[in-house]
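Every number here is computed from the coordinates shown, using simple stated rules; none is lab data. Note that the structure is a prediction, hence the values are computed from the model and not measured. Please note: Cβ atoms are built from the backbone with ideal geometry, for glycine as well, and neighbour counts cover all protein chains shown.
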Amino acid sequence: MRARYGVPLGITAVGAAGLAYAVGFEVRSFRLRRITVPVLPRGMRPLRVLQVSDIHMVSGQRKKQRWLRSLAGLRPDFVVNTGDNLSDPEGVPEVLDALGPLMEFPGAYVFGSNDYYGPKLRNPARYLMEKASGRHGLNGNAPAVGAIHNPWTELRDAFDAAGWVGLSNTRGRLKLEDIEIALTGLDDPHIKRDRYAEVAGGPESGADLSLAVVHAPYLRVLDAFTADRYPLILAGHTHGGQLCIPFYGALVTNCDLDTRRVKGLSEHHAGGHTSYLHVSAGCGTNRYTPVRFACPPEATLLTLTPQAP
């Protein structure tokens, strides 16, 4: 009896323990990632950029709210929000409460699909099938039917009132004392709202630094930004794979980006040029899959430094 059932029972126990850890601990084990990116002109002082992404706020997530509020203690030079703030149509007040202290700093934002539409219950295996077929979001799949519309205009109005710069298929600027940052952003490529032709042309003259911002890091967008010579692209969306295999990594990215670059800093090459790409693993999950494994929720403090001589 022991020989026949001991191994299956052991596997079941390990699986149950892993699920309990993923649901009960890791999904609330918020981390701050710190990285340095050498993209500034020589002689310019370092800049500290806080990137928050994929909050996916659900009413009642008090620990997440407290953690996000605490990030204001980092005193960044500016904040970039790369979208998917909501996973609950009732979550707008809690998003604004959580981000309130950060909205005291200069900032910019783009939206993701979950800012516009509420999530649906979904078989996680579909992400693997979409990866195999090369179809993700509305990029090859049929349009969503019966989608829940989130009150995204309330977020937009509050961000704008705080002075944050909206970057949905447009350009904007941030003034930091004697430094001027030019930003170019796109609406979410995951649901085909990106319109690169409206912002094409590369970095603006007269700015001390130009950055590119988008929610989902689809290759068509990364190629365009890189060919236009943006030194740094900020994105989110991937959740870092969300459910990863220890010592192996992510299985999916939920877009056409390779899993090797599912989170963190990497390089992207296109048109004979190279850009740095930073993909945030984000700090939330779809409300129907509140699980993370080997991929803790995060925000990132990027310290931008001068390029090497």
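Counting Lys and Arg as +1 and Asp and Glu as -1, what is the net charge of the other residues whose Cβ lies under 13 Å from the Cβ of Leu128? The partial results should precede the final answer.
Working: positive: Arg122, Arg126, Lys131, Arg135; negative: Glu130.
It works out to a net charge of +3.
Trypsin sites (Lys or Arg not before Pro), restricted to the stretch 213-271: which are DSSP loop and have at most 13 other Cβ atoms within 10 Å?
none
Using a 7 Å offset from Cα along Cα-Cβ at Glu90, what residues in the stretch 51-67 end up with backbone N under 14 Å from the label point?
Taking a point 7 Å out along Cα→Cβ of Glu90, the residues of the stretch 51-67 whose backbone N falls under 14 Å are 58-62.
Taking a 29 Å limit on the Cα-Cα distance, which of the listed pairs Lys64/Lys263; Lys131/Lys175; Lys63/Lys175; Lys120/Lys175; Lys63/Lys192 fall beyond it? It would help to have the intermediate numbers written out before the result.
On the way: Lys64/Lys263 20 Å; Lys131/Lys175 41 Å; Lys63/Lys175 33 Å; Lys120/Lys175 40 Å; Lys63/Lys192 33 Å.
Check vs 29 Å cut-off fails for Lys131/Lys175; Lys63/Lys175; Lys120/Lys175; Lys63/Lys192.
Could you tell me how many cubic angstrom of Cα convex hull volume the stretch 134-196 has per residue?
Cα-based convex hull of the stretch 134-196, divided per residue, equals 97 Å³.
Between beta-carbons, use under 12 Å as the cut-off and find the net charge around Pro297, counting Lys and Arg +1, Asp and Glu -1.
Values: positive: Arg28, Arg31, Arg33, Lys63, Lys64, Lys263, Arg292; negative: Glu26, Asp54, Glu298.
Net local charge, Pro297 excluded: +4.
Calculate, for Ser59 and Asp160, the FRET efficiency according to 1/(1 + (r/R0)^6) with r their C-beta to C-beta distance and R0 30 Å; round to the nearest 0.05.
After rounding to 0.05, the efficiency reads 0.80.
What share of Cα pairs, in percent, lie more than 22 angstrom apart in the stretch 174-309?
40 percent
Work through the residues other than Gly60 whose Cβ is under 11 Å from its Cβ and net out their charges, Lys, Arg +1 and Asp, Glu -1.
+1
Determine the gain in length on full extension of the stretch Arg69-Glu177; use 0.36 nm per residue of separation and subtract their C-alpha separation, reporting nm with one decimal. Could you put the intermediate results ahead of the total?
On the way: separation 108, 0.36 × 108 = 38.88 nm, distance 2.43 nm.
In short, 36.5 nm is gained.
Whose amide H sits under 5 Å from the amide H of Leu257, counting only residues 5 or more places off or on another chain, with H placed in the peptide plane?
Amide H to amide H, under 5 Å and 5 or more residues apart or across chains, Leu257 pairs with Leu219.
Only helical DSSP H runs with n ≥ 4 go in: add -39500 (n - 2.57) per run for the chain, normalise by residue count and round the 222 nm mean residue ellipticity to 500 deg cm²/dmol.
Only helices count here, giving -7000 deg cm²/dmol.
Of the DSSP beta bridges with both residues in the chain, give the percent that are antiparallel, rounding to the nearest 5.
Percentage antiparallel, nearest 5: 45.
Mind listing the phi-derived Karplus ³J(HN,Hα) values for the stretch 279-295, rounded to whole Hz, using 6.51, -1.76 and 1.60 with θ = phi - 60°, and x for any glycine or proline?
10, 7, 6, x, 10, x, 8, 3, 4, 8, 10, x, 9, 9, 9, 6, 7
Residue by residue, what Karplus-based ³J(HN,Hα) values in Hz, rounded to whole numbers, does the stretch 191-204 have, using 6.51, -1.76 and 1.60 with θ = phi - 60° and x for Gly and Pro?
Once rounded to whole Hz, the list reads 10, 6, 9, 6, 9, 5, 4, 6, 10, 5, x, x, x, 7.
If N is the number of residues in the chain, what value comes out of its Cα radius of gyration divided by 2.2 N^0.38 Å?
Relative to the 2.2 N^0.38 Å estimate, the chain comes out at 1.01.
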